[in-house]
Amino acid sequence: MTELVLLVDAYLVDALPEIWFGAVMFSLAMYMILDGFDFGIGMLYATRDDEHEKETFLTAFGPVWDANEVWVVAFGTMLLAAFPRVYSRVLADHYLLAIGFVLALLFRGLGPEMREQRDDERWKRYWDYSFVGGSFLAPLLFGTLAGRWIFDAPTLSMPALLTGVGLVAVSVATGAAFLAAKTRPRLASDLRTYGIIATLTYLIGAIALLTTVVVTDSGGTAEIVLSIPVGMIVVLSAVAGGGGSVLALRGKYRAWLVSALGLPALLSLLVALLLYPTIYPPTGLTVREAVVSPLALNLVTILGFPALLLVLWYFKFLYGVFSGPIEGEGYKN
């Protein structure tokens with residue numbers, strides 16, 4: 001028994017670089033899922049003229065949107081802690097995109113807060129522009145950065161831009177599904193149209209992206225794209241998108257939400273498959289080459305994973321409290 005425990009411990013220690021790579025990808029997935037529907041709500045906000053409906057949109061994500069941004073901090077922190085060379089290269093090589101992303105988050109956050117400070121139509125309109133613009137630019141720039149990172153492609157290349165557009169589309173799809181599950185049926189029926197169109201756009205864009213990658217062999221990933229695991233992810237994404245659209249048309253909005261959230265989760269898994277074992281394609285740096293020294297890695301593991309479990313417990317509690325539908329200017333529990 002003791003030998004078995006020692007063997008398991010030795011295996012886990014040896015697998016720590018891969019475990020941390022998985023943790024980084026997990027935090028990326030959580031960010032794209034949770035803050036993704038926030039971005040979608042912000043973009044769908046532009047379709048509303050009625051002040052009551054605008055307030056409904058803001059109420060829908062008001063209690064959780066600040067918390068959702070914790071995951072982009074977790075992503076950056078984990079990347080810095082376990083793979084500092086990758087963290088520094090990502091910021092250095094994609095500096096303008098990273099700064100643009102942060103500024104987009106800033107103006108998105110200021111929008112809802114500042115519009116409440118004055119009862120003036122022009123004032124509210126300007127801050128609504130800030131909210132919608134930030135909600136659109138943040139996923140576009142973050143996705144473009146991810147596309148440059150994964151495919152070692154220029155900013156204005158098809159792989160990078162299609163990744164950015166894909167993240168915008170999937171954000172609208174999840175945002176529409178989240179709102180439909182939280183609001184009254186009439187509004188939900190209107191929103192499902194936007195969600196279905198966004199889902200179709202995302203699936204077509206994903207196929208176009210993978211086709212472009214195969215044709216151009218961007219980042220040397222053509223062989224991976226043609227592999228069975230990537231093919232399975234494409235099929236599962238099509239099933240989630242198509243099945244979710246059917247559920248939306250049948251008015252089963254909570255089931256649609258679950259299906260829609262599967263799209264960014266599968267997208268994150270696709271990112272992990274396209275990267276591993278090379279964590280930074282522009283330099284060919286692998287996961288094991290980029291990881292910190294064994295002593296530092298053991299230390300961040302001891303300190304980091306309990307913190308991650310605490311964050312997960314907090315999100316379970318938070319979404320449990322605000323699990324009900326919106327009623328008036330708050331949640332019904």
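The values are calculated or read from the model by the stated rules, or taken from the named source; none is laboratory data. Since the structure is predicted, the reported quantities are computational estimates derived from the model, not experimental observations. Glycine also receives a Cβ, built like all others from the backbone with ideal geometry; neighbour counts cover every protein chain displayed. These area figures cover heavy atoms from the full protein model, side chains too; ligands, DNA and RNA do not enter into them. Shrake-Rupley method; radii C 1.70, N 1.55, O 1.52, S 1.80 Å.
Relative to the longest principal axis of the C-alpha atoms of the chain, give the angle of the C-alpha long axis of helix 121-151, reported between 0 and 90° and rounded to the nearest 10°. It is inclined by approximately 20 degrees.
When you work out D = kT/(6 pi eta Rh) for region 234-277 at 37 °C and 0.692 mPa s, using the Kirkwood radius from C-alpha pairs as Rh and the Stokes-Einstein form, the result is 303 µm²/s. Using the average count of surrounding beta-carbon atoms within 10 Å as a protection proxy, the listed peptides 111-124, 140-153, 284-297 rank, highest first, as 140-153, 284-297, 111-124. Across every pair of non-identical alpha carbons in region 282-321, the mean reciprocal distance, once inverted, gives a Kirkwood radius of 12.5 Å. Alpha-carbon geometry of region 247-333: the Rg and the Dmax are 19.8, 55 Å, given in that order. In whole angstrom, note down how far apart the Cα centers of region 143-191 and region 101-127 are. Using only Cα atoms, the two centres lie 22 Å from each other. Using the Stokes-Einstein relation with a Kirkwood hydrodynamic radius computed over Cα pairs, the translational diffusion coefficient of region 93-142 at 37 °C and a viscosity of 0.692 mPa s comes to 297 µm²/s. Computed in the context of the full set of protein chains, the accessible area of region 16-136 at 1.4 Å probe radius has 64% of its extent on carbon or sulfur.
Principal-axis analysis of the Cα atoms of the chain puts helix 228-249 at an angle of about 10° to the longest axis.
On alpha-carbon atoms, Rg over Rh for the chain using Kirkwood Rh? Before the final figure, lay out the partial values.
Details: Rg = 20.6 Å, Rh = 20.8 Å.
Dividing the radius of gyration by the Kirkwood radius yields 0.99.
Projecting the alpha carbon convex hull of region 83-240 along each direction and taking the average yields 11.8 nm². For the chain, the solvent-accessible area with a 1.4 angstrom probe is 48 square angstrom per residue. What is the sum of charges around LEU247, taking Lys and Arg as +1, Asp and Glu as -1, for the other residues whose C-beta is under 12 Å from the C-beta of LEU247? Summing Lys and Arg as +1 and Asp and Glu as -1 gives +4. On a straight-distance basis, which aspartates and glutamates could pair with LYS54 in a cross-link, Cα separation under 20 angstrom, same-chain partners fewer than 8 positions away excluded? Result set, ordered by chain and number: ASP35, ASP38, ASP66, GLU113, GLU116, ASP119, ASP120, GLU121, ASP128, ASP190, GLU327, GLU329.
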